[in-house]
Structures are given as C-alpha cells and as structure tokens.
Amino acid sequence: AQSVSQHNHHVILSEAASLELGCNYSYGGTVNLFWYVQYPGQHLQLLLKYFSGDPLVKGIKGFEAEFIKSKFSFNLRKPSVQWSDTAEYFCAPPRDYKLSFGAGTTVTVRA
Amino acid sequence: SQTIHQWPATLVQPVGSPLSLECTVEGTSNPNLYWYRQAAGRGLQLLFYSVGIGQISSEVPQNLSASRPQDRQFILSSKKLLLSDSGFYLCAWRGYTGELFFGEGSRLTVL
C-alpha cells in the first residue's frame, strides 16, 4: 500500500528555471517527511527532512520543501535549477518506512 | 561510521532457478532493515522490512522471501525465479534520525 503520491512523473526544464515537485500523503497523525534524490549512476540519498518546527525546511544543493499540514503536502522546490539537478526524486512515506515510496519524479534539466 | 553493502551487484539467472541477495550493515546495531524493488515508473516498492533478528514483515505477496539470520544481515531469496522478478533490488537501513541509507543495489535479470 502507498500513503504518498507524487503528481509529476517526468519534468523537463531549462537551466535557471524554477522547480516544484508535488507530494501528498494520506496520514493524519504526526509525520516525519523526507525527500530523496538519485543522481544518475549514484545511490539514493537524502535531500531534506522535516520532523517538527519550521514547516519550511532547507536541504542540500539549494532545495527546500514546505510542509502544509492542512493540505497533507510536502512539496519540493528549487528557485533556479542547474543541469546537475537532473535526477530522480522520491517523496518518502510519512512517519515510517513500512510503506512504499511514491512513484518518483524524473527531472531532466536541459543546459 | 556505518556502511551498507549488498551483493551481487549484477545477476543473470534462468527462470526457475533460486535466488539469494545478501545485504550487510556495519557500524550499527539492531537496525531496521528494508528490501525494495525499484522499477521504472513505479518508484520504490517495499518488499520486506525487519525490526530485529528473525522478524520479517512482508508488504507485497510475491515469489520472494526474506530472512534475517544475524543482526546486521538481511537476505532476499526465492526458490524459483519468475520472469517478473527481474528488476533492481535495494537494501536499506534506517538511521537514528529516521533517514534511510541505501546500498548500491542489485540488478537481477531473469531469462
């Protein structure tokens, strides 16, 4: 079963464009939220995480995400993408990992 | 520091043959361990997770099984492989702050 859904399967952008990837989860309790990234030929790695406090969290490489509790969303953003941001992005299931991840979003940035 | 390794990295097996993929974690004790299958367009599908030795939970009915004979060892097995078992398999362990750390992955091709 999945408790998280990602809206975009493949996004193609030009360098310097802004990026926003949607993630919605279906869980009503306390949530721990994560975004992971997989660059071509590399391991999956953590991009950013939210546990509590400020709903706007900063991650590596200029990424940020905002937790909106009322919308059950944790969207990922980057104001200006680079070619090196080409990767697959995964929103993790909330709170625990006893569920599958979202389908992932492939982001292709054109130079 | 903690490390995670899985092997073999690549495996080509005939239909009906057995499978054994191994994953070991170093530098931590009693970790939560996970097996995922990654397929294009389908994201990360959770197959099994384990919270301790001998404790295995299965999320998806399938032709595969998992075992945890030691604290830091997690094995994915099959008695008879099917064509549909082909895919990229990832092992992961959960860190103390909730982050997942992934292995290098094992590419299985069933012919």
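The values are calculated or read from the model by the stated rules, or taken from the named source; none is laboratory data. No experiment lies behind these values; they were computed from the predicted model shown. Quick reminder, even Gly has a Cβ in these numbers, built from the backbone with ideal geometry, and neighbours come from all protein chains shown. In case anyone asks, the SASA skips ligands and DNA or RNA and just uses the protein heavy atoms, side chains included. Shrake-Rupley method; radii C 1.70, N 1.55, O 1.52, S 1.80 Å.
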> chain B: Rg/Rh from Cα coordinates, Kirkwood Rh?
Replying inline: 0.95
>> Students often get this wrong: which residues of the range B:73-100 have the backbone nitrogen under 17 Å from the point 7 angstrom along Cα-to-C-beta of A:Gln42?
In response: B:100
>> Pairs on different chains or at least eight residues apart, Cα atoms closer than 20 Å: how many lysine pairs in the protein assembly as shown fit?
In response: 10
> Among B:Leu90, B:Leu44, B:Leu76, whose mean-square fluctuation peaks in a Gaussian network model of chain B (Cα, cutoff 10 Å)?
Replying inline: B:Leu44
> Out of B:Arg68, B:Arg37, B:Arg94, any idea which swings most in a Gaussian network model of chain B, alpha carbons joined below 10 Å?
Replying inline: B:Arg94
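Let me have the relative contact order for chain B, percent, based on Cα pairs under 8 Å that are six or more residues apart.
35
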> If r is the Cβ-Cβ distance from B:Asn30 to B:Lys79 and R0 is 35 Å, what FRET efficiency results, to the nearest 0.05?
Replying inline: 0.75
>> If you count only protein heavy atoms and use a 1.4 Å probe, how large is the accessible surface of A:His7, to the nearest 10 Å²?
In response: 100
> What accessible surface, in Å², does a 1.4 Å probe find on A:Arg110, ignoring ligands, DNA and RNA and rounding to the nearest 10?
Replying inline: 140
> Within the range B:81-102, what residues put their amide N at less than 20 Å from the label point 7 Å along the Cα-to-Cβ vector of B:Gln13?
Replying inline: B:81-92
>> Using the Karplus curve 6.51 cos²θ - 1.76 cosθ + 1.60 with θ = phi - 60°, what ³J(HN,Hα) values do you get for each residue of the range A:37-47, in whole Hz, with x for Gly and Pro?
In response: 10, 10, 6, x, x, 10, 5, 5, 9, 6, 9
> What are the residues whose amide H is under 5 Å from the amide H of A:Phe101, where those residues sit 5 or more places off or on another chain and H is modelled from the backbone?
Replying inline: B:Leu44, B:Leu46
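Largest first, what is the accessible-area ranking of B:Val60, B:Val12 with a 1.4 Å probe?
The residues order as B:Val12, B:Val60, largest area first.
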> For chain A, with only Lys/Arg (+1) and Asp/Glu (-1) charged at the beta-carbon, what is the dipole magnitude about the Cα centre, in debye rounded to 20?
Replying inline: 180
> For the protein assembly as shown, what Kirkwood radius comes out of the mean inverse Cα-Cα distance, in Å?
Replying inline: 18.1
>> Ignoring ligands, DNA and RNA, please state the percent of accessible area on the range A:4-110 from carbon and sulfur, probe 1.4 Å.
In response: 52
>> Using alpha carbons only, how many angstrom separate the centre of the range B:40-111 from the centre of the range A:1-35?
In response: 24
